[in-house]
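Q: The structure under discussion is supplied below as C-alpha coordinates; questions concerning it will follow.
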Amino acid sequence: MDTRPRPPLLPRLAALTSVLLAGALFCGPLAAEVRVKSDTLIRGFERDTAGQDDAAVIPVYEYLQLDAGSLNTRGLAFHFYGWGRNDLGDGGFYRDDSSGELLFGYLEYTRPFSTLNVRLGRQYVFEGVSNESIDGLRVSTGLTRHFTLSAYGGQPVALDSEHGRDGDSIIGGRVAHLRRSLYEVGLSYKKVGDDSNDQEEMLGVDLSLFLPAGISLYGLSNRNLETEGWAEHSYELRIAAGPLLLRPFFEYFEYDDTFGTGTNSAQPFPNLSRIGEKLTVYGGELSWLRSSVWDLGLRGKFYTYNELDSSQYYSALATWHGKALTQVGGELGYMKGDAADNDYLLGRLHCYLENLPKGVPLAFLSGELIYTLYDEEIYNEDDSFFLSLGAGQRFLSDALEVKLSGDYAWDAYYDSDLRGMLVFSYTFQR
(Lines give C-alpha, C1' and ligand atoms only; values in the text may rest on other atoms or scores of the structure.)
Protein backbone atom coordinates (compact mmCIF):
# COMPACT_ATOMS: atom_id res chain seq x y z
CA MET A 1 0.00 0.00 0.00
CA ASP A 2 1.28 3.45 -0.88
CA THR A 3 1.68 5.30 2.45
CA ARG A 4 3.27 8.46 1.09
CA PRO A 5 1.39 11.61 2.18
CA ARG A 6 -0.85 13.07 -0.49
CA PRO A 7 -1.22 16.83 -1.04
CA PRO A 8 -4.52 18.41 0.08
CA LEU A 9 -7.31 17.72 -2.37
CA LEU A 10 -8.61 21.28 -2.72
CA PRO A 11 -5.41 22.51 -4.43
CA ARG A 12 -5.26 19.31 -6.50
CA LEU A 13 -8.85 19.83 -7.67
CA ALA A 14 -8.12 23.43 -8.57
CA ALA A 15 -4.95 22.49 -10.44
CA LEU A 16 -6.65 19.67 -12.31
CA THR A 17 -9.57 21.90 -13.24
CA SER A 18 -7.19 24.58 -14.52
CA VAL A 19 -5.42 22.05 -16.74
CA LEU A 20 -8.68 20.65 -18.05
CA LEU A 21 -10.13 24.10 -18.67
CA ALA A 22 -6.98 25.19 -20.50
CA GLY A 23 -7.11 22.04 -22.61
CA ALA A 24 -10.78 22.56 -23.35
CA LEU A 25 -10.20 26.13 -24.44
CA PHE A 26 -7.17 25.15 -26.50
CA CYS A 27 -9.03 22.47 -28.46
CA GLY A 28 -11.18 24.22 -31.05
CA PRO A 29 -14.28 21.97 -30.85
CA LEU A 30 -14.37 22.25 -27.06
CA ALA A 31 -14.09 26.03 -26.98
CA ALA A 32 -17.64 26.72 -28.15
CA GLU A 33 -19.20 27.02 -24.69
CA VAL A 34 -17.83 26.94 -21.15
CA ARG A 35 -19.73 26.72 -17.87
CA VAL A 36 -18.02 26.62 -14.46
CA LYS A 37 -19.97 26.23 -11.21
CA SER A 38 -18.39 26.50 -7.78
CA ASP A 39 -20.14 25.66 -4.50
CA THR A 40 -18.18 26.47 -1.33
CA LEU A 41 -19.75 25.17 1.89
CA ILE A 42 -18.54 26.12 5.36
CA ARG A 43 -20.16 24.05 8.11
CA GLY A 44 -19.85 24.21 11.87
CA PHE A 45 -20.86 21.86 14.71
CA GLU A 46 -19.46 20.04 17.76
CA ARG A 47 -18.74 16.32 18.14
CA ASP A 48 -16.94 14.01 20.57
CA THR A 49 -13.83 12.45 19.03
CA ALA A 50 -11.36 9.83 20.22
CA GLY A 51 -9.13 12.51 21.72
CA GLN A 52 -11.47 15.35 22.66
CA ASP A 53 -14.99 16.05 23.92
CA ASP A 54 -17.10 18.73 22.23
CA ALA A 55 -14.47 19.23 19.54
CA ALA A 56 -15.16 22.03 17.08
CA VAL A 57 -15.71 20.60 13.60
CA ILE A 58 -15.45 23.25 10.86
CA PRO A 59 -15.22 21.52 7.48
CA VAL A 60 -14.88 23.57 4.29
CA TYR A 61 -16.17 21.80 1.18
CA GLU A 62 -15.51 22.82 -2.39
CA TYR A 63 -17.69 21.35 -5.16
CA LEU A 64 -16.37 22.25 -8.59
CA GLN A 65 -18.10 21.56 -11.90
CA LEU A 66 -16.81 22.28 -15.39
CA ASP A 67 -18.63 21.78 -18.69
CA ALA A 68 -16.99 22.78 -21.96
CA GLY A 69 -17.71 22.25 -25.63
CA SER A 70 -21.02 21.67 -27.40
CA LEU A 71 -23.33 22.11 -24.42
CA ASN A 72 -26.50 23.22 -26.23
CA THR A 73 -25.80 21.53 -29.55
CA ARG A 74 -24.67 18.10 -30.68
CA GLY A 75 -20.93 17.54 -30.89
CA LEU A 76 -17.96 17.09 -28.56
CA ALA A 77 -18.06 18.18 -24.89
CA PHE A 78 -16.18 17.65 -21.65
CA HIS A 79 -17.74 17.33 -18.18
CA PHE A 80 -15.99 17.39 -14.80
CA TYR A 81 -17.32 17.40 -11.23
CA GLY A 82 -15.44 16.79 -7.98
CA TRP A 83 -15.26 17.81 -4.37
CA GLY A 84 -12.66 18.34 -1.68
CA ARG A 85 -12.75 19.02 2.06
CA ASN A 86 -10.47 20.67 4.58
CA ASP A 87 -11.35 20.64 8.30
CA LEU A 88 -10.44 23.88 10.04
CA GLY A 89 -11.31 22.38 13.45
CA ASP A 90 -8.86 20.78 15.85
CA GLY A 91 -10.54 17.50 16.75
CA GLY A 92 -9.53 15.26 13.85
CA PHE A 93 -13.16 14.33 13.22
CA TYR A 94 -12.52 13.35 9.57
CA ARG A 95 -9.18 11.67 10.22
CA ASP A 96 -10.23 8.32 8.74
CA ASP A 97 -12.50 9.66 5.99
CA SER A 98 -11.80 10.58 2.41
CA SER A 99 -10.85 14.22 1.87
CA GLY A 100 -12.40 14.41 -1.59
CA GLU A 101 -13.39 12.60 -4.72
CA LEU A 102 -13.69 12.95 -8.47
CA LEU A 103 -17.41 12.31 -9.00
CA PHE A 104 -17.27 12.39 -12.78
CA GLY A 105 -14.94 13.48 -15.55
CA TYR A 106 -15.62 12.33 -19.07
CA LEU A 107 -15.61 13.26 -22.75
CA GLU A 108 -18.98 13.07 -24.49
CA TYR A 109 -19.75 12.96 -28.18
CA THR A 110 -23.27 13.18 -29.60
CA ARG A 111 -23.43 12.72 -33.33
CA PRO A 112 -25.42 15.38 -35.24
CA PHE A 113 -28.61 14.15 -36.90
CA SER A 114 -28.30 10.84 -35.03
CA THR A 115 -29.08 9.19 -31.69
CA LEU A 116 -25.46 8.05 -31.20
CA ASN A 117 -23.99 9.10 -27.85
CA VAL A 118 -20.52 8.11 -26.58
CA ARG A 119 -19.03 8.82 -23.16
CA LEU A 120 -15.45 8.03 -22.09
CA GLY A 121 -14.12 8.51 -18.55
CA ARG A 122 -15.55 8.50 -15.02
CA GLN A 123 -19.33 8.70 -15.26
CA TYR A 124 -22.63 7.60 -13.74
CA VAL A 125 -24.56 4.89 -15.55
CA PHE A 126 -28.31 4.40 -15.14
CA GLU A 127 -29.28 1.44 -17.31
CA GLY A 128 -32.19 -0.54 -15.86
CA VAL A 129 -30.52 -2.63 -13.14
CA SER A 130 -27.45 -0.37 -13.14
CA ASN A 131 -26.99 2.61 -10.87
CA GLU A 132 -23.20 2.73 -10.92
CA SER A 133 -20.20 5.01 -11.07
CA ILE A 134 -17.63 3.60 -13.50
CA ASP A 135 -14.33 4.43 -15.15
CA GLY A 136 -14.92 3.33 -18.69
CA LEU A 137 -16.86 3.64 -21.94
CA ARG A 138 -20.61 3.91 -22.55
CA VAL A 139 -22.30 3.90 -25.96
CA SER A 140 -26.01 4.35 -26.71
CA THR A 141 -27.86 4.54 -30.01
CA GLY A 142 -31.13 3.81 -31.72
CA LEU A 143 -31.06 0.59 -33.72
CA THR A 144 -34.31 1.25 -35.53
CA ARG A 145 -37.30 3.51 -35.01
CA HIS A 146 -38.58 1.23 -32.24
CA PHE A 147 -35.39 -0.27 -30.74
CA THR A 148 -32.64 1.35 -28.67
CA LEU A 149 -29.39 -0.11 -27.35
CA SER A 150 -26.90 1.02 -24.73
CA ALA A 151 -23.80 -0.76 -23.47
CA TYR A 152 -20.95 0.06 -21.12
CA GLY A 153 -17.79 -1.46 -19.70
CA GLY A 154 -14.88 -0.53 -17.47
CA GLN A 155 -14.03 -0.60 -13.77
CA PRO A 156 -16.47 0.10 -10.90
CA VAL A 157 -15.45 3.09 -8.78
CA ALA A 158 -17.01 1.55 -5.65
CA LEU A 159 -14.35 -1.19 -5.58
CA ASP A 160 -11.43 1.23 -5.97
CA SER A 161 -10.38 0.82 -2.33
CA GLU A 162 -10.85 -2.96 -2.17
CA HIS A 163 -7.42 -4.60 -2.72
CA GLY A 164 -6.55 -2.26 -5.59
CA ARG A 165 -8.08 -2.21 -9.06
CA ASP A 166 -6.39 -5.22 -10.70
CA GLY A 167 -9.05 -7.66 -11.83
CA ASP A 168 -11.94 -5.25 -11.19
CA SER A 169 -14.46 -4.99 -14.01
CA ILE A 170 -18.03 -4.07 -14.85
CA ILE A 171 -20.02 -4.66 -18.02
CA GLY A 172 -23.69 -4.16 -18.81
CA GLY A 173 -26.29 -2.59 -20.99
CA ARG A 174 -29.92 -2.30 -21.93
CA VAL A 175 -32.00 -3.00 -25.01
CA ALA A 176 -35.48 -1.52 -25.29
CA HIS A 177 -38.49 -1.73 -27.58
CA LEU A 178 -40.74 1.32 -27.62
CA ARG A 179 -43.62 3.16 -29.19
CA ARG A 180 -43.27 6.54 -27.59
CA SER A 181 -46.96 7.28 -27.10
CA LEU A 182 -47.86 3.73 -26.00
CA TYR A 183 -45.09 1.88 -24.16
CA GLU A 184 -41.41 1.15 -23.58
CA VAL A 185 -40.09 -2.24 -22.42
CA GLY A 186 -36.44 -2.69 -21.51
CA LEU A 187 -34.19 -5.66 -20.72
CA SER A 188 -30.97 -4.83 -18.86
CA TYR A 189 -27.93 -6.72 -17.56
CA LYS A 190 -25.01 -6.00 -15.23
CA LYS A 191 -21.99 -8.03 -14.14
CA VAL A 192 -19.36 -6.85 -11.64
CA GLY A 193 -16.02 -8.52 -10.96
CA ASP A 194 -13.65 -7.87 -8.06
CA ASP A 195 -10.10 -9.27 -8.15
CA SER A 196 -11.20 -11.46 -11.08
CA ASN A 197 -14.01 -12.99 -8.98
CA ASP A 198 -17.69 -12.54 -9.76
CA GLN A 199 -19.10 -9.95 -7.39
CA GLU A 200 -22.57 -9.33 -8.74
CA GLU A 201 -24.67 -10.39 -11.73
CA MET A 202 -28.13 -8.90 -12.26
CA LEU A 203 -30.83 -9.11 -14.92
CA GLY A 204 -33.75 -6.69 -15.02
CA VAL A 205 -36.94 -5.86 -16.87
CA ASP A 206 -38.49 -2.37 -16.81
CA LEU A 207 -41.79 -1.13 -18.21
CA SER A 208 -43.54 2.14 -19.02
CA LEU A 209 -47.09 1.68 -20.30
CA PHE A 210 -49.42 4.51 -21.34
CA LEU A 211 -53.09 3.51 -21.43
CA PRO A 212 -56.20 5.45 -22.47
CA ALA A 213 -58.20 7.58 -20.01
CA GLY A 214 -55.09 9.04 -18.34
CA ILE A 215 -53.83 5.71 -16.94
CA SER A 216 -50.13 4.78 -16.92
CA LEU A 217 -48.05 2.00 -15.38
CA TYR A 218 -44.36 2.09 -14.45
CA GLY A 219 -42.33 -0.71 -12.95
CA LEU A 220 -39.26 -2.92 -12.83
CA SER A 221 -38.23 -6.39 -11.70
CA ASN A 222 -34.60 -7.28 -10.97
CA ARG A 223 -33.25 -10.80 -10.58
CA ASN A 224 -29.94 -11.72 -8.92
CA LEU A 225 -28.33 -14.36 -11.15
CA GLU A 226 -25.76 -15.20 -8.48
CA THR A 227 -28.31 -16.15 -5.82
CA GLU A 228 -31.05 -17.06 -8.34
CA GLY A 229 -33.54 -14.91 -6.42
CA TRP A 230 -35.69 -11.88 -7.17
CA ALA A 231 -34.00 -8.85 -5.68
CA GLU A 232 -36.74 -6.30 -6.29
CA HIS A 233 -40.20 -5.69 -7.73
CA SER A 234 -41.38 -2.08 -7.89
CA TYR A 235 -44.59 -1.00 -9.69
CA GLU A 236 -46.64 2.17 -9.70
CA LEU A 237 -50.00 2.87 -11.35
CA ARG A 238 -51.09 6.44 -12.09
CA ILE A 239 -54.76 7.24 -12.71
CA ALA A 240 -55.57 10.84 -13.63
CA ALA A 241 -59.19 12.00 -13.54
CA GLY A 242 -59.46 15.76 -13.95
CA PRO A 243 -57.86 17.42 -10.91
CA LEU A 244 -57.49 14.06 -9.11
CA LEU A 245 -54.41 11.82 -9.35
CA LEU A 246 -54.47 8.36 -7.75
CA ARG A 247 -51.12 6.61 -7.39
CA PRO A 248 -51.22 3.06 -5.97
CA PHE A 249 -47.84 1.32 -5.69
CA PHE A 250 -46.23 -1.99 -4.74
CA GLU A 251 -42.60 -2.74 -3.80
CA TYR A 252 -40.90 -5.97 -2.76
CA PHE A 253 -37.27 -6.45 -1.66
CA GLU A 254 -35.24 -9.50 -0.66
CA TYR A 255 -32.16 -8.19 1.15
CA ASP A 256 -29.89 -11.18 0.48
CA ASP A 257 -30.64 -10.91 -3.25
CA THR A 258 -30.70 -7.12 -3.60
CA PHE A 259 -27.02 -6.50 -2.85
CA GLY A 260 -23.78 -8.01 -4.11
CA THR A 261 -22.89 -11.48 -2.90
CA GLY A 262 -19.08 -11.30 -3.19
CA THR A 263 -16.75 -11.24 -0.20
CA ASN A 264 -16.10 -7.51 -0.68
CA SER A 265 -19.70 -6.56 -1.37
CA ALA A 266 -20.81 -3.13 -0.16
CA GLN A 267 -23.66 -4.37 2.04
CA PRO A 268 -25.55 -1.57 3.86
CA PHE A 269 -27.90 -4.03 5.63
CA PRO A 270 -25.67 -7.00 6.61
CA ASN A 271 -27.87 -8.14 9.50
CA LEU A 272 -31.07 -8.05 7.42
CA SER A 273 -29.34 -9.95 4.64
CA ARG A 274 -27.99 -12.53 7.09
CA ILE A 275 -31.45 -13.39 8.43
CA GLY A 276 -32.98 -13.48 4.93
CA GLU A 277 -35.27 -10.52 5.57
CA LYS A 278 -37.94 -9.70 2.99
CA LEU A 279 -39.81 -6.39 2.84
CA THR A 280 -43.13 -5.70 1.15
CA VAL A 281 -44.29 -2.09 0.80
CA TYR A 282 -47.65 -1.17 -0.67
CA GLY A 283 -50.10 1.67 -0.47
CA GLY A 284 -51.31 4.66 -2.40
CA GLU A 285 -51.46 8.42 -2.66
CA LEU A 286 -54.43 10.55 -3.70
CA SER A 287 -53.66 14.09 -4.87
CA TRP A 288 -56.17 16.81 -5.55
CA LEU A 289 -54.69 19.55 -7.71
CA ARG A 290 -57.45 21.92 -6.74
CA SER A 291 -55.93 24.82 -8.71
CA SER A 292 -52.55 26.24 -9.66
CA VAL A 293 -52.39 27.49 -6.07
CA TRP A 294 -53.35 24.50 -3.89
CA ASP A 295 -52.24 20.85 -3.83
CA LEU A 296 -53.99 18.55 -1.33
CA GLY A 297 -53.21 14.90 -0.73
CA LEU A 298 -53.75 11.75 1.32
CA ARG A 299 -51.15 9.00 1.64
CA GLY A 300 -51.09 5.49 3.08
CA LYS A 301 -48.05 3.24 3.19
CA PHE A 302 -47.79 -0.27 4.67
CA TYR A 303 -44.48 -1.95 5.56
CA THR A 304 -44.53 -5.72 6.05
CA TYR A 305 -41.36 -7.56 7.15
CA ASN A 306 -40.94 -11.31 7.42
CA GLU A 307 -38.77 -11.12 10.54
CA LEU A 308 -38.92 -7.59 11.95
CA ASP A 309 -41.89 -5.57 13.17
CA SER A 310 -44.30 -4.31 10.54
CA SER A 311 -45.87 -0.85 10.48
CA GLN A 312 -48.35 1.41 8.69
CA TYR A 313 -48.13 5.13 7.92
CA TYR A 314 -51.03 7.50 7.14
CA SER A 315 -50.74 11.19 6.38
CA ALA A 316 -52.50 14.24 4.97
CA LEU A 317 -50.61 16.88 2.98
CA ALA A 318 -51.31 20.41 1.78
CA THR A 319 -49.16 22.84 -0.24
CA TRP A 320 -49.85 26.42 -1.28
CA HIS A 321 -47.97 27.81 -4.30
CA GLY A 322 -47.24 31.50 -4.73
CA LYS A 323 -45.32 33.45 -7.34
CA ALA A 324 -42.12 31.99 -8.78
CA LEU A 325 -40.93 29.14 -6.52
CA THR A 326 -42.72 30.34 -3.38
CA GLN A 327 -44.58 27.60 -1.53
CA VAL A 328 -45.80 26.83 1.98
CA GLY A 329 -46.94 23.39 3.03
CA GLY A 330 -47.42 20.88 5.77
CA GLU A 331 -47.97 17.22 6.60
CA LEU A 332 -49.71 15.50 9.48
CA GLY A 333 -48.92 11.80 9.73
CA TYR A 334 -49.38 8.81 12.01
CA MET A 335 -47.12 5.77 12.07
CA LYS A 336 -48.44 2.63 13.78
CA GLY A 337 -45.97 -0.14 14.47
CA ASP A 338 -45.03 -2.75 17.02
CA ALA A 339 -41.59 -1.25 17.78
CA ALA A 340 -41.44 1.90 19.94
CA ASP A 341 -39.59 3.96 17.32
CA ASN A 342 -42.26 3.06 14.74
CA ASP A 343 -45.26 4.26 16.76
CA TYR A 344 -45.61 8.04 16.61
CA LEU A 345 -47.52 11.13 15.51
CA LEU A 346 -45.64 13.41 13.10
CA GLY A 347 -46.18 17.04 12.13
CA ARG A 348 -44.18 18.85 9.45
CA LEU A 349 -44.21 22.43 8.16
CA HIS A 350 -42.05 23.75 5.33
CA CYS A 351 -41.73 26.94 3.30
CA TYR A 352 -39.69 28.60 0.57
CA LEU A 353 -40.36 32.29 0.04
CA GLU A 354 -39.27 34.46 -2.90
CA ASN A 355 -40.37 37.94 -4.01
CA LEU A 356 -40.08 39.23 -0.46
CA PRO A 357 -41.47 42.67 0.47
CA LYS A 358 -39.43 45.71 -0.44
CA GLY A 359 -37.04 46.64 2.32
CA VAL A 360 -36.14 43.01 3.08
CA PRO A 361 -32.53 42.62 1.82
CA LEU A 362 -32.94 38.95 0.94
CA ALA A 363 -33.68 37.00 -2.23
CA PHE A 364 -35.32 34.09 -0.44
CA LEU A 365 -36.15 32.51 2.91
CA SER A 366 -36.58 28.82 3.66
CA GLY A 367 -37.64 26.83 6.66
CA GLU A 368 -38.67 23.39 7.87
CA LEU A 369 -40.02 22.17 11.20
CA ILE A 370 -40.63 18.52 12.15
CA TYR A 371 -42.06 17.41 15.49
CA THR A 372 -42.55 13.76 16.41
CA LEU A 373 -44.49 12.53 19.46
CA TYR A 374 -43.88 8.87 20.32
CA ASP A 375 -46.53 6.64 21.87
CA GLU A 376 -43.91 5.05 24.18
CA GLU A 377 -40.77 6.53 25.67
CA ILE A 378 -37.41 5.78 24.07
CA TYR A 379 -34.52 6.23 26.52
CA ASN A 380 -36.86 8.27 28.75
CA GLU A 381 -37.80 10.63 25.91
CA ASP A 382 -41.16 10.68 24.15
CA ASP A 383 -40.60 13.28 21.43
CA SER A 384 -38.11 14.65 18.88
CA PHE A 385 -37.74 18.03 17.24
CA PHE A 386 -36.01 19.42 14.14
CA LEU A 387 -35.87 23.03 12.95
CA SER A 388 -34.03 24.39 9.91
CA LEU A 389 -33.95 28.04 8.82
CA GLY A 390 -32.17 29.55 5.84
CA ALA A 391 -31.83 32.87 4.06
CA GLY A 392 -30.02 33.94 0.93
CA GLN A 393 -29.18 36.77 -1.41
CA ARG A 394 -27.99 36.91 -5.03
CA PHE A 395 -25.30 39.18 -6.47
CA LEU A 396 -23.51 39.86 -9.75
CA SER A 397 -26.65 39.54 -11.88
CA ASP A 398 -27.58 36.37 -9.98
CA ALA A 399 -24.26 34.68 -10.84
CA LEU A 400 -23.35 34.56 -7.13
CA GLU A 401 -25.72 33.20 -4.48
CA VAL A 402 -24.93 33.37 -0.76
CA LYS A 403 -27.00 31.35 1.70
CA LEU A 404 -26.77 31.07 5.49
CA SER A 405 -28.66 28.29 7.26
CA GLY A 406 -28.87 26.75 10.71
CA ASP A 407 -30.32 23.50 12.09
CA TYR A 408 -31.35 22.63 15.63
CA ALA A 409 -32.58 19.21 16.76
CA TRP A 410 -33.10 16.89 19.69
CA ASP A 411 -34.36 13.33 20.04
CA ALA A 412 -34.02 10.23 22.22
CA TYR A 413 -30.44 9.58 21.12
CA TYR A 414 -28.89 13.00 21.92
CA ASP A 415 -29.83 16.02 24.04
CA SER A 416 -29.38 18.64 21.33
CA ASP A 417 -27.58 19.28 18.10
CA LEU A 418 -26.88 22.73 16.69
CA ARG A 419 -25.13 23.27 13.38
CA GLY A 420 -24.73 26.01 10.83
CA MET A 421 -23.68 26.32 7.19
CA LEU A 422 -22.61 29.15 4.90
CA VAL A 423 -22.75 28.48 1.14
CA PHE A 424 -21.26 30.47 -1.73
CA SER A 425 -22.48 29.34 -5.17
CA TYR A 426 -20.96 30.97 -8.24
CA THR A 427 -21.72 30.18 -11.89
CA PHE A 428 -19.67 31.42 -14.86
CA GLN A 429 -20.81 30.82 -18.40
CA ARG A 430 -19.77 32.07 -21.79
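Q: Give the separation of the Cα centroids, segment 46-88 to segment 98-167, in Å.
A: Result: 22 Å between the Cα centres.
Q: Would you mind getting the accessible area per residue of the chain, heavy atoms of the protein chains only, 1.4 Å probe, in Å²?
A: Per-residue value: 57 Å².
Q: So, with +1 on the Cβ of K and R and -1 on the Cβ of D and E, and no other charges, what is the size of the charge dipole of the chain about its Cα centre, to the nearest 20 debye?
A: For the chain, the charge dipole is close to 3020 debye.
Q: In the full protein assembly as shown, how much of residue 171 is accessible to a 1.4 Å probe, in Å² to the nearest 10?
A: Taking all protein chains as shown, residue 171 has close to 90 Å².
Q: If you don't mind, there's one more thing I want to ask. Report the accessible area of residue 321, computed with a 1.4 Å probe over the heavy atoms of all protein chains in place, in Å² rounded to the nearest 10.
A: Around 50 Å² of this residue is reachable by solvent.
Q: On a straight-distance basis, which lysines could pair with residue 323 in a cross-link, Cα separation under 17 angstrom, same-chain partners fewer than 8 positions away excluded?
A: Within reach: 358.
Q: For the chain, which whole-number percentage of the solvent-accessible area (1.4 Å probe, protein heavy atoms only) is attributable to carbon and sulfur atoms?
A: 58 percent
Q: What does the charge add up to near residue 330, with Lys and Arg as +1, Asp and Glu as -1, over the other residues with Cβ less than 15 Å from its Cβ?
A: -1
Q: Choose one answer from 54, 39, 417: the residue with the largest mean-square fluctuation in a GNM of the chain with alpha-carbon springs under 10 Å.
A: Sorting by GNM fluctuation, first place goes to 54.
Q: Across the chain, where is the longest run that never hits chymotrypsin sites (Phe, Trp or Tyr not before Pro) in a DSSP loop with at most 16 other C-beta atoms within 10 Å?
A: The longest such stretch corresponds to 114-378.
Q: So which trypsin sites (Lys or Arg not before Pro) in segment 291-341 are both in a DSSP loop and have at most 12 other Cβ atoms within 10 Å of their Cβ?
A: The qualifying sites are 323.
Q: Would you mind classifying segment 157-216 by shape? Square roots of the alpha carbon gyration tensor eigenvalues, ordered a ≥ b ≥ c; an a/c under 1.5 is rounded, otherwise it is prolate if a/b is larger than b/c and oblate if not.
A: Since a/c reaches 1.5 and a/b is larger than b/c, the shape of segment 157-216 is classed as prolate.
Q: Of 301/403; 336/403; 190/278; 37/301, which ones are farther than 28 Å apart at the Cα?
A: Violating the 28 Å limit, Cα to Cα: 301/403; 336/403; 37/301.
Q: Under 10 Å, Cα contacts only: if you run a Gaussian network model on the chain, which one of 221, 133, 291 comes out with the highest mean-square fluctuation?
A: 291
Q: I've got another one for you. Which one, 59, 112, 248, has the greatest fluctuation when you compute a Gaussian network model over the chain with C-alpha springs under 10 angstrom?
A: In the Gaussian network model the winner is 112.
Q: For every other residue with a beta carbon closer than 15 angstrom to the beta carbon of residue 177, add +1 if it is Lys or Arg and -1 if Asp or Glu, then tell me the sum.
A: +2
The values are calculated or read from the model by the stated rules, or taken from the named source; none is laboratory data. Computed from a predicted model, the values in this text were never measured in an experiment. Glycine gets a Cβ as well: all are built from the backbone with ideal geometry, and neighbour counts include every protein chain shown. Just the protein is used for accessible areas: all its heavy atoms, side chains included, with ligands, DNA and RNA removed. Shrake-Rupley method; radii C 1.70, N 1.55, O 1.52, S 1.80 Å.
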